[in-house]
Amino acid sequence: MQEFQFFKKKALSFDKLDPLASFRSRFIAEKEEMIYLDGNSLGRMPLETEIKMKSVISQQWAKGLISSWNDHWFDLPQKIAAKLAKILGAHPDEIFVGDSTSINFYKLVFGTLKMQSGKNTILTDNLNFPSDIYLLQGIISQSFPEHRLQIIQSKDGITVEQEDIAHALNEKTALLTLSHVAFKSAFMYNMSEINELAHQKNTVVLWDLSHAVGSVPIRLNADGADLAVGCTYKYLNGGPGAPAFLYVRRDLQEKIVNPIWGWFGHRKPFDFSLDYLPATQSSQFAAGTPHILSLSALEPGLDIILEAGINNLREKSRLQSDFLFEMTKQFLEPLGFSIASPIEAEHRGSHISLRHDEGWRISKAMIDPYQDTKSIIPDFRPPDVIRLGIAPLYNSFTDIYECVKRLREIVKHEYYLSYDQTKSIVT
Ligand SMILES: *Cc1c(COP(=O)(O)O)cnc(C)c1O
């Protein structure tokens, strides 16, 4: 057993040796009075984004007005898609960037069910993000009433057995859709193995990469992925409501049709023809005018990820989570906390969930600074999960040490008792 103080020294020496340490200053200008462990919900703003947006607004928009469409904006979605393609291990023409994850998910599910006529089952799991499940329910209810949704149940609320997926797949399975990294527990599927299992039954797989992109290496082409969607405001630091993306493998682009036929998905939108003719490749998945301001704000976040290198980020995230687990086992488990994420890094994304019966009030006490301590921002997922989003671009080992120290004090001294049970709208 090491003394608590030992871990402070350990954190400091990790920070000193950290080859990515300088990236923190790309996000945080001055001494910060807050420890932000919620990068898996809304990533921090790169300082470069603020500089860039000033120019986009005051030059491109205010002065350039309509001419900026030709000078700066028309090709912006393709430019951003090409950067995302590098992060996703895909070809640029396989990526569309725009709309929200939910809308892109709708387009690809609808298009897949049309293509897979003759098959009538959709398979997912109960660790998936609620929005995805609602969309599946809605598509079945409104457009595919003969289809059936089968939801595989996790046995421990943390992981899903690959075997259970294998058993559930059959010749009738049109679509299998899963979160690559689960939003609550951070459980991560082996993407290439799942793709292979599904392909044996001619099932199309749609991955939701929202909690994976920017936190773990992704190789869509190499892993045989068919389809994917994901958001860019979490580990990619694209900003609130940043445009989402979708990926359609080249050989599926002619077979899966976007159900939303808007002018930006037309082959020649500025001919203003009255007959729809879909664009080729991923551009056909556009619908309306691209969100230029938020697309512009997304670019610096992508550049930083590419510069840091996803493998380096992953390596740091592993060290940081091991450090957190070591401290949790020694100091927090005796106080009623339990780890609600897979321990082995190869089965986990970058965030870590801790459970405690008093999770809600503890998370409120973390946020509230007292005496000379900093505010610590986690997030909370009902009923009792405190999620700690480790974002190696800007979180230090000392951040993690401080977080455990605070959690320990809050429970040991029962500080959480002075907070009430009321919840705010966004948690
Ligand atoms: C955050 C998240 C989303 C977000 O969907 P939006 O439609 O962009 O709000 C979707 N799926 C998963 C798995 C997520 O974690």
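A short reminder: the numbers here are calculations on the coordinates, not readings from a lab. This one's a predicted model, so the numbers in the text were calculated from it and none came from an experiment. Using ideal geometry, Cβ is built from the backbone for each residue, glycine included, and neighbour counts are taken over all protein chains shown.
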Exercise for the section: Would you mind telling me which residue in Gly89, Gly43, Gly230 has the biggest mean-square fluctuation in a Gaussian network model of the chain, where springs connect alpha carbons within a distance under 10 angstrom? Expected result: Gly89
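What size of dipole, in debye to the nearest 20, comes out for region 202-356 about its Cα centre when the only charges are +1 on Lys and Arg C-beta atoms and -1 on Asp and Glu C-beta atoms? Walk me through the intermediate numbers first.
Numbers: 13 positive and 16 negative charges, 25 e Å.
Here region 202-356 has a charge dipole of around 120 debye.
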Handout entry: ³J(HN,Hα) computed for each position of region 378-394 - Karplus, 6.51 cos²θ - 1.76 cosθ + 1.60, integer Hz, glycine/proline x
Key = x, 10, 10, 10, x, x, 8, 9, 9, 9, 10, x, 7, 10, x, 5, 10
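For a Förster distance of 60 Å, can you work out the FRET efficiency between the beta-carbons of Ala82 and Ile367, rounded to the nearest 0.05?
Values: r = 39 Å, r/R0 = 0.64.
With a Förster radius of 60 Å, E is 0.95.
Would you mind checking Lys10/Lys184; Lys8/Lys184; Lys107/Lys268; Lys31/Lys83 for any pair whose Cα atoms are more than 25 angstrom apart?
Values: Lys10/Lys184 28 Å; Lys8/Lys184 28 Å; Lys107/Lys268 21 Å; Lys31/Lys83 31 Å.
Over 25 Å apart, Cα to Cα: Lys10/Lys184; Lys8/Lys184; Lys31/Lys83.
Once Rh is set to the Kirkwood radius over Cα pairs, what Stokes-Einstein translational diffusion coefficient, in µm²/s, holds for the chain at a temperature of 37 °C and a viscosity of 0.692 mPa s? Before the final figure, lay out the partial values.
Numbers: Rh = 22.7 Å.
Estimated via Stokes-Einstein, D reaches 144 µm²/s.
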Problem - Inter-probe distance in nm under a simple model that places probes 7 Å from Cα toward Cβ, at Arg219 and Asn120 - result: 4.0
Handout entry: For Val181, distant residues with modelled amide H under 5 Å away
Key = His211, Ala212
Completion exercise
Cβ density ranking, 10 Å radius, fewest first, applied to Asp368, Asp125, Asp275 yields Asp275, Asp368, Asp125
Handout entry: Cα-based reach from Lys114 at 16 Å (exclusive), listing lysines while leaving out same-chain residues under 8 positions away
Key = Lys172, Lys255
Handout entry: Residue among Thr49, Ala90, Phe74 farthest towards the positive dipole end of region 31-127, charges placed on Cβ
Key = Phe74
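What is the sum of charges, Lys and Arg at +1 and Asp and Glu at -1, for the other residues whose Cβ falls under 15 Å from the Cβ of Ser192? Could the numbers behind the result be given before it?
Values: positive: Arg219, Arg249; negative: Glu193, Glu196, Asp223, Asp226, Glu346.
Summing Lys and Arg as +1 and Asp and Glu as -1 gives -3.
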Fill in the blank from the handout: Percent antiparallel among DSSP beta bridges confined to the chain, nearest 5, equals 50
Practice task
Pull up all non-local amide H partners of Leu388: gap of 5 or more, or a different chain, and H-to-H distance under 5 Å with H placed in the peptide plane.
Solution key: Ile352, Ser353, Leu354
Exercise for the section: Give the angle, between 0 and 90 degrees and rounded to the nearest 10, that separates the Cα long axis of helix 310-327 from the longest principal axis of the Cα atoms of the chain. Expected result: 40
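Mind putting a number on the dipole of region 166-286 about its Cα centre? Charges go on the C-beta only, +1 for Lys and Arg and -1 for Asp and Glu, and I need it in Debye to the nearest 20. All intermediate terms of the calculation are to be shown ahead of the outcome.
Values: 10 positive and 10 negative charges, 38 e Å.
Value, rounded to 20: 180 debye.
May I ask you to list the trypsin sites (Lys or Arg not before Pro) in region 111-197 that are in a DSSP loop and have at most 12 other Cβ atoms within 10 Å of their Cβ?
Details: sites: Lys114, Lys119, Arg148, Lys155, Lys172, Lys184; in loops: Lys119, Lys155, Lys172, Lys184.
Passing both the DSSP loop test and the Cβ count: Lys155.
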Handout entry: Simple label model, 7 Å out from Cα along Cβ direction - His167 to Phe272, nm
Key = 6.1
Fill in the blank from the handout: The helix 4-17 Cα axis meets the longest alpha-carbon principal axis of the chain at an angle in degrees, between 0 and 90 and rounded to 10, of 50
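Going by average Cβ density within 10 Å per residue, which order do the peptides 2-14, 281-293 take, highest to lowest?
Details: 2-14: 13.9, 281-293: 19.9.
Ranked from most to least packed, the peptides come out as 281-293, 2-14.
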Handout entry: Derived scalar couplings ³J(HN,Hα) [region 255-267; Karplus, 6.51 cos²θ - 1.76 cosθ + 1.60; whole Hz; x for Gly, Pro]
Key = 9, 9, 9, 5, x, 9, 8, x, 5, 6, x, 7, 5
Practice task
Kindly express, to the nearest 10 degrees and within the range 0 to 90, the angle between helix 130-142's C-alpha long axis and the longest C-alpha principal axis of the chain.
Solution key: 30
Handout entry: Whole-angstrom gap from region 236-273 to region 80-126, using each part's C-alpha centre
Key = 10
Handout entry: Under Karplus coefficients 6.51, -1.76 and 1.60, residue-wise ³J(HN,Hα) of region 359-365 in Hz, glycine/proline x
Key = x, 5, 5, 5, 5, 5, 5
Problem - Per-residue [θ]222 nm for the chain (sum of -39500 (n - 2.57) over DSSP H runs n ≥ 4, rounded to 500) - result: -10500 deg cm²/dmol
Exercise for the section: Could you give the size of the charge dipole of the chain about its Cα centre, using +1 on the Cβ of each K and R and -1 on the Cβ of each D and E, expressed in debye and rounded to the nearest 20? Expected result: 380
